[in-house]
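The values are calculated or read from the model by the stated rules, or taken from the named source; none is laboratory data. Note that this is a predicted model, so its numbers are computed, not measured. Reconstructed Cβ throughout: ideal geometry from the backbone, glycine too, with neighbour counts over all protein chains shown.
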Amino acid sequence: MDADALEKSIRHDIDTADGYDALEQTRIKYLGRKGLVTGLLKDIKDAPPDERPKLGAVSNKLKKLTESLLEEKLSVLRAAQQGSRFYKKPHDATLPAHDGMTGRRHVLATVFRELKDIFVGMGYTLASGPMVELEYYNFQALNFPDEHPSRDEQDTFYITDDMLLRTHTSPVQVRYMEENKPPLKIIAAGRVFRNESIDPSHAAEFHQVEGLYVDTDVSLADLKLDVEIFIQQLFGSKTQVRFRPSFFPFTEPSAEVDMTCVVCQGKGCSVCQQTGWIELMGSGMVHPNVFRAVGYDPEIYSGFAFGLGVDRVAMMKYGIDDIRLFLGNDLRFLRQF
Ligand code: DAH
């Protein structure tokens, strides 16, 4: 057998050896006293003197190769054996049980679901929009004047001149109306961003649910009815609701919606700062300029909108006193829900 054929055969035999015994047989076949490689080395002394150096080099190379391939294969066999020992370890019924660290739904996700179920039950469908938003949708199309203070970089995280992290879910109103014709009744839920200084009731990332209803004869009475039904479904039928005049560029008239404090039932406590009322959402009748921006005729259509702070709802429902806990990733907090 010439050197090339021998090398091929060595590689093949070692490669296909499927256990310690087979590997040992292979070792003996090539490196044993009567082995093929050993034979080559022995033949050197019978060769003509001028061929000996070349023959020696070739034989030694084959010997070294065989040794290192055997070594390599041995560790592969050992690893496989250890692996199978690990998997075959018998079941130990005395070990402590799994500690129950399974995943669970985040408390905000639970609240989102509850809100969604209530609104869907009232005939709203779901819409959504991007968190990285154009200045146009976040402000301009919503009738914010150019010099409006909330466009200031102190409140808004700008990404480029005309792109930002949305500061509210209201831009979804505009996006949805651009793509759809009335009548429409939608909610849009999601995360919003503001460059706030952080404290127990202010976070730079929080969550809103936006509502929008547009048709030919929508009135303030429709808004009041839906908001009342929604709040009473969420917090119980004894909860009272009040509308306070307010201002938003994209609604006219605008109202802030308060509900009786669920902690003290309206008697006055530290949560509601002794007022008996909790501020829950902004709302109003869609401003004609918003309709114009999306190509709706404000002479034909009217609508109401509202925006609800989801974190605040969760805090009220579960008695949570620090908004920062929601995104803090503290398992001791998260596992309570
Ligand atoms: N976008 C407002 C905010 O983030 C909340 C809001 C107020 C939304 C009135 C509305 C609305 O849809 O009609 O403060």
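Annotations for the structure displayed:
- S246 being free of Cβ contacts under 8 Å to residues at least 60 places away in the same chain, within 16 Å of the ligand (Cβ to nearest atom) and either closer than 20 Å to I187 by Cα or more than 32 Å from the chain's Cα centre (by Cα) (or both): yes
- Listed by first and then second residue, the pairs with beta-carbon distance under 9 Å, at least 6 apart or on different chains, first residue in segment 1-22 and buried (at least 18 other Cβ atoms within 10 Å of the Cβ), second among the small types (G, A, S), are D13/A22.
- Annotation: of all residues in segment 165-209 being hydroxyl-bearing (S, T, Y) and within 13 Å of the ligand (Cβ to nearest atom), the one that is farthest from R312 (Cα to Cα) is Y176.
- Criterion: under 26 Å from Y137 (Cα atoms), crowded, with 17+ Cβ neighbours inside 10 Å and hydroxyl-bearing (S, T, Y) - qualifying residue of T251, T260: T251
- Filtering R78, R105, R27 for residues that are closer than 30 Å to Y176 by Cβ and surrounded by 11 or more Cβ atoms within 10 Å (Cβ to Cβ) leaves a single hit, R105.
- For segment 204-237, residues that are of a type in the set (A, V, I, L, M, F, W, C), outside any helix (DSSP H, G or I) and either surrounded by 22 or more Cβ atoms within 10 Å (Cβ to Cβ) or within 29 Å of the chain's Cα centre (by Cα) (or both) total 5.
- Residue that is farthest from the ligand (Cβ to nearest atom), among those in segment 276-295 that are outside any strand (DSSP E or B) and more than 19 Å from L220 (Cα to Cα): G276
- In this entry, V227 passes the filter for residues that are aliphatic (A, V, I, L, M), in the same structural domain as T251 (by TED's automatic domain parsing) and either under 27 Å from P298 (Cα atoms) or at pLDDT below 95 (or both).
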